[in-house]
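Here the structure is laid out as structure tokens; the discussion comes afterwards.
Read the figures in this text as sums done on the coordinates, not as results from a lab. These figures come from a predicted structure and were not determined experimentally. Heads up, the Cβs are rebuilt from the backbone with ideal geometry, glycines too, and the neighbour counts pull from every protein chain shown.
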Amino acid sequence: MEEAERVLPVRDWLPRTVALLVGTLALATAFIAAYVGALHQPTPRDVPVGVVLGDQRAQAVMSGVRGRTNKIKPVEYDDPEAAADGLTAREVYAVLSSGPDNGLRLTTASASAPAAAELVTQVFTQAARQANLPLQVSDEVPVERTDPRGLVPFYLAVGYVLGGYLASTALGLRTGTAPVSLPRAGLRVAALAAYAVVLGIVGAAIVGPVLDVWHHDIPSVAAVGALTVFTAAMVASAVQAWLGLLGTGIVILLLVVLGNPGSGGIYAPEFLPGWLRGMHRWNVPGLATDLVKSAVYFDRRSMGWPLTGLAGWALAGILGLVTATVFRAHRRAVRSRSRPAPAGGSPADG
């Protein structure tokens with residue numbers, strides 16, 4: 001016997017449908033505006049280059065460059081060793097110093113951002129030519145030949161972030177955006193942590209043995225991946241637990257619409273519009289991209305802030321999920337107590 005199909009009145013489904021379509025339209029509009037606005041015309045400004053105090057030849061050329069363009073920002077160090085440390089700690093993209101034959105030496109780190117290293121090389125090659133000084137250029141931290149544009153760290157980080165918030169969304173759709181109890185919240189955290197470890201290993205295997213992009217530090221990449229996936233999943237879980245379906249849209253806005261162009265992965269942060277330049281230091285895709293680069297190419301000291309930032313976001317996500325669970329459980333209990341007892345007995349009867 002077939003059940004009669006129930007047709008909902010228009011007033012029951014139309015407002016929700018319109019709200020979903022308007023929200024989707026807003027996200028798509030923000031996506032277009034953010035990506036096109038950020039990436040259509042990269043304009044480098046204040047790209048940091050190290051120079052040693054007391055190095056008169058390098059200082060003179062640096063001053064001449066600053067007098068002609070705002071593309072370069074000098075970062076002064078007390079001695080050559082400190083300048084070299086600044087390069088490997090990703091404080092600067094290059095170091096300018098006096099070189100042999102009364103010339104100049106430019107030491108770059110293309111692994112940090114090939115486009116930034118190319119820009120710095122072009123600017124100082126022209127400056128040295130105008131000053132009639134020979135220039136020796138060397139790449140101290142070269143990008144892998146299998147990733148000449150230096151985009152693999154960014155796309156790997158994007159994949160990890162995508163996997164994290166999609167896993168959270170899938171669990172939310174299956175079991176509810178907010179866990180019904182603290183044990184269920186703990187189970188969700190544990191499930192997402194296990195998932196993060198697996199995806200971290202899978203991503204590292206793809207860029208390592210499978211595609212042969214990197215031949216070293218694969219365990220470090222896997223660890224960074226696991227932390228990134230878990231962080232994205234926890235942030236998404238917390239927002240969704242508090243805001244439900246609306247939270248998914250906000251997660252996409254933060255992690256994708258603003259997070260990806262503001263990560264400094266496609267272009268160095270100094271190439272982006274002013275309102276996006278500092279975003280990579282606090283958003284999850286930017287922190288993850290920086291941490292992948294540090295793990296593969298640079299001094300471990302450069303991992304400090306990205307590691308701290310991701311761990312902070314993960315802890316905040318766990319706290320947000322737990323507090324949402326407690327709040328909703330308390331509200332359910334209050335509603336249950338406030339319901340009138342059934343006629344003829346107490347709610348506990350029967």
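Below is a table of values for the structure above.
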| item | result |
| --- | --- |
| Over the chain: helical MRE at 222 nm, DSSP H runs n ≥ 4 each giving -39500 (n - 2.57), nearest 500 | -19500 deg cm²/dmol |
| Length-normalised contact order for region 193-350 - Cα pairs under 8 Å, 6+ apart - percent | 23 percent |
| Per-q log10 I(q)/I(0), region 266-311, q = 0.20, 0.28, 0.29 Å⁻¹ (Debye; single scatterer per alpha-carbon; no solvent) | -0.62, -1.02, -1.05 |
| Student exercise, the chain dipole from Lys, Arg, Asp, Glu Cβ charges, in Debye to nearest 20 | 1400 debye |
| For region 197-350, with +1 on Lys and Arg beta carbons and -1 on Asp and Glu, the positive-most of Trp282, Ala324, Ser294 along the dipole | Ala324 |
| Sequence ranges 68-75, 284-291, ranked by mean other-Cβ count within 10 angstrom, highest first | 284-291, 68-75 |
| Surface/4 estimate of mean projected area, convex hull on alpha-carbon atoms of region 47-139, nm² | 5.0 nm² |
| Base-10 log of normalised Debye intensity for region 85-170 (one unit scatterer per alpha-carbon) at q = 0.24 Å⁻¹ | -1.10 |
| Cα-Cα P(r), region 193-350, percent of pairs per 5 Å interval | 2, 9, 13, 16, 16, 13, 8, 5, 4, 3, 3, 3, 2, 1, 0, 0 |
| Entry for volume of the Cα convex hull per residue in Å³ (calculated from the structure that is shown) out of (i) 145; (ii) 197; (iii) 122 | (ii) |
| Ratio Rg/Rh, restricted to region 13-67 and using Cα atoms, in which Rh is the Kirkwood radius | 1.52 |
| Dipole in debye (nearest 20) - region 143-254, about Cα centre, beta carbon charges: Lys, Arg +1; Asp, Glu -1 | 400 debye |
| For the chain: relative contact order, % (alpha-carbon pairs under 8 angstrom, 6 or more apart) | 18 percent |
| All-pairs Cα distance distribution in region 244-288, expressed in whole percent, bin size 10 Å | 33, 48, 16, 3 |
